[in-house]
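Single-structure report; data block below.
The values are calculated or read from the model by the stated rules, or taken from the named source; none is laboratory data. Quick caveat: nothing in here was measured; it's all calculated off a predicted structure. Glycine gets a Cβ as well: all are built from the backbone with ideal geometry, and neighbour counts include every protein chain shown. Remember, those area values only see protein heavy atoms, side chains included, never the ligands or the DNA or RNA. Shrake-Rupley method; radii C 1.70, N 1.55, O 1.52, S 1.80 Å.
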Amino acid sequence: MNVYDAERMTDLLAPIGYEAVEAPDDADLVILNTCHIREKAAEKVYSDLGRLRQLKAARPEDGASMVLAVAGCVAQAEGEEILRRAPYVDMVFGPQAYHRLPEMVARVHREQGAVLDTEFPASSKFDYLPKPEAQGRFSAFLTVQEGCDKFCTFCVVPYTRGAETSRPVADVKADASNLAAGGVREITLLGQNVNAYHGRAGRFGTQTLGKLIAGLADIEGLDRIRYTTSYPAEIDSDLINAHRDIPQLMPYLHLPVQSGSDRILHAMNRRHGAGDYKRLVERLRRARPDLALSSDFIVGFPGESDADFQATLDLVDEVGFVGAYSFKYSPRPGTPAAALLGQVPEDVKTERLHVLQAKLNAGQSAFNKGTIGTKMSVLLEGPGRHPGQMIGRSPYMQAVHVQASEEYLGKIVELEIEAAHPNSLSGRLLEGTPDHQGLNATMEATA
Ligand code: SAH
């Protein structure tokens, strides 16, 4: 979502004369768009600011000045603190304020002193944003939901992104149509808790994510739909049916489980047990037999015993994931888990993460190797590293290289997968590969 937010900020600044540059060295305005989810991410902000301070200090010599801004969730959580620790920062604003960016830039130029904006506004920022444009891309993000009300005891999101809100169905459809008209073939619907989506749908009350996806599937040219990130306890039958009925919905689902231990899941306030998760996966796989899953894991949550950790390893074995993000528990200020007794020592967390990642990596490699010899539909998004090569994405988000001419750019082609490398696959273009036929190939790919 930070990638998407940064794009929106770039769009907002274009009318007042700013354009993106490659490096901060000569920039008139530098925005650090920050993440507060783990301590490491948050601390990085201060080291980056230290470096930018030097660039900024060097500026008056050439007669230009540099406006330095901190945006995103660290700004939201630590606004005042940032201005104290880094008084050379000109603007600090949270994720709910970036539509006011042009106004803030004007204020910084007009006034002395820094601008701080970490309010949660009453009206939606989305009402003030320019429409997202394709800009030559074939795959794009689209925020449909923001915030979270679930209050997992480890997580800062409810405090930094605020309560759950959904964009109205008509607005999402307008943005998606606009992107598709500009050549976008694949859209990833974004939300911190995307399947809590309940967008206003005119006189008919609100619509679920499953119904929204069904509506988006009618848009001409939009051949692939994804969504992320989902909260397991809120996957409803509309969404499961969407996986069954809508071929444009890719057979790949990121479904964070966090732990395989019921005791730990309860302490995390996850509202699902290991059994619930496994039953949900079964229902999803009945609806879409070729569905592949990825997940998020936290090791070393306070009180996690060897037996709890073993339960996580067992769950990985039982479910089978094709990709995952896994993290050491990081105590976040103000969250309930940070104050729990039984914090797990760092070396134990490191060891557990190592063991878990070895298992997850093995699962991913096995999945990638299993695709060798199968047919896959791949959306070709750009040139590869070598001449005559293109790179694209499989339905399962795998990067795939192929020898193909540029006329295939932005097309969904059918490939036979020939090799699996650590981070990508490579394949061969099948004769007479027709665009638009990718959807059937998707179904065959894991058969
Ligand atoms: N909405 C998602 C969470 C997105 S945050 C959900 O339903 O779980 C992305 C991931 O960061 C989380 O899934 C979690 O695995 C990890 N994470 C969040 N807070 C964390 C913390 N305090 N320490 C370590 N990892 C954390």
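Given the options E78, E414, E431, state which has the largest fluctuation in a GNM of the chain using a 10 Å cut-off (strictly under) for Cα springs.
Fluctuation is largest for E431.
Note down the magnitude of the dipole of the chain about its Cα centre, charges +1 on Lys and Arg C-beta and -1 on Asp and Glu C-beta and zero elsewhere, to the nearest 20 debye.
Charge dipole of the chain: 740 debye, to the nearest 20.
I'd like to know which of L68, H354, L284 lies farthest towards the positive end of the charge dipole of the chain, counting +1 on Cβ of Lys and Arg and -1 on Cβ of Asp and Glu.
L284
Identify, among P333, T206, S166, the residue whose Cα sits farthest towards the positive end of the charge dipole of the chain, taking +1 on the Cβ of Lys and Arg and -1 on the Cβ of Asp and Glu, with the dipole about the Cα centre.
T206
Please turn the phi angles of segment 332-346 into ³J(HN,Hα) values with the Karplus equation 6.51 cos²θ - 1.76 cosθ + 1.60 (θ = phi - 60°), one per residue in order, whole Hz, x for glycine and proline.
10, x, x, 8, x, 5, 5, 9, 6, 6, x, 4, 7, x, 4
Per the helix-only calculation at 222 nm, which mean residue ellipticity applies to the chain, given -39500 (n - 2.57) for every DSSP H run of n ≥ 4 and division by its residues, nearest 500 deg cm²/dmol?
Mean residue ellipticity, 222 nm, calculated: -11000 deg cm²/dmol.
Can you work out D for segment 2-117 in µm² s⁻¹ from Stokes-Einstein, where Rh is the Kirkwood radius over C-alpha pairs, the temperature is 4 °C and the viscosity is 1.567 mPa s?
91
Can you tell me the convex hull volume per residue for segment 125-369, based on C-alpha atoms, in Å³ to the nearest whole number?
Cα convex hull per residue, to the nearest whole number: 136 Å³.
In segment 62-149, which chymotrypsin sites (Phe, Trp or Tyr not before Pro) are in a loop and have at most 16 other Cβ atoms within 10 Å, using DSSP for the loop call?
Here the sparse-neighbourhood loop sites are Y88.
Of G183, A57, V319, which is farthest towards the positive pole of the chain's charge dipole, taken about the Cα centre with +1 and -1 on the beta-carbons of Lys, Arg and Asp, Glu respectively?
My answer, from the dipole projection, is V319.
Can you tell me how segment 181-305 classifies by the Cα gyration tensor, rounded, prolate or oblate, using a/c under 1.5 as the rounded cut?
prolate
Applying the Karplus parametrisation 6.51 cos²θ - 1.76 cosθ + 1.60 with θ = phi - 60° to the phi angles of segment 51-61, what ³J(HN,Hα) value in whole Hz is obtained for each residue in order, glycine and proline being reported as x?
5, 5, 4, 5, 4, 5, 5, 6, 5, x, 4
Hey, how many Å between the Cα centroid of segment 191-245 and the Cα centroid of segment 164-190?
12
Compare the peptides 20-26, 51-57 by average per-residue count of other Cβ atoms within 10 angstrom and give them in order, highest first.
Per-residue mean Cβ counts within 10 Å order the peptides as 51-57, 20-26.
Express the carbon and sulfur contribution to the solvent-accessible surface of the chain as a percent, rounded to the nearest whole number, probe 1.4 angstrom.
C and S atoms contribute 51 percent here.
With a 1.4 Å probe and all protein chains kept in place, how do E80, E19, E234, E39 rank by accessible area, largest first?
Greatest to least solvent exposure: E19, E80, E39, E234.
Tabulate in residue order the Karplus-calculated ³J(HN,Hα) for segment 118-133, using 6.51 cos²θ - 1.76 cosθ + 1.60 with θ = phi - 60°, rounded to whole Hz; enter x for Gly and Pro.
Couplings: 10, 6, 9, x, 6, 9, 6, 4, 4, 5, 10, 9, x, 4, x, 10 Hz.
Once you keep just the Cα pairs under 8 angstrom separated by 6 or more residues, what percentage relative contact order results for the chain?
10
More than 37 angstrom separation, counting every C-alpha pair in the chain; what % is that?
Value for the chain: 31 percent of Cα pairs lie more than 37 Å apart.
Ordering D175, D62 by how much accessible area each has at a 1.4 Å probe, largest first, what is the list?
I get D62, D175, largest accessible area first.
Taking only the alpha-carbon positions of segment 98-145 and ignoring solvent, what does the Debye formula give for the base-10 log of I(q)/I(0) at q = 0.22 Å⁻¹?
Normalising to I(0) and taking log10 leaves -0.92.
Give me log10 I(q)/I(0) at q = 0.16, 0.18, 0.19 Å⁻¹ for segment 260-397, Debye formula, one equal scatterer per alpha-carbon, no solvent.
-0.92, -1.06, -1.13
So for segment 123-236, what percent of the C-alpha to C-alpha distances run longer than 23 Å?
Percent of Cα pairs beyond 23 Å in segment 123-236: 28.
Please report the net charge: other residues with Cβ closer than 10 Å to the Cβ of R107, K and R +1, D and E -1.
With Lys, Arg at +1 and Asp, Glu at -1, the net is -2.
Over the chain, give the accessible area per residue in Å² for a 1.4 Å probe, as an integer.
45
Using the Kirkwood formula on the Cα atoms of segment 86-167, what hydrodynamic radius do you get, in angstrom to one decimal?
15.1
Do any cysteines of the chain lack a neighbour Cys whose Cβ is under 4.7 Å away, and which are they?
Isolated Cys, the chain: C35, C73, C148.
Cross-chain or 8 or more residues apart, Cα under 16 Å: how many lysine pairs in segment 125-369 fit that? Count them up, please.
6
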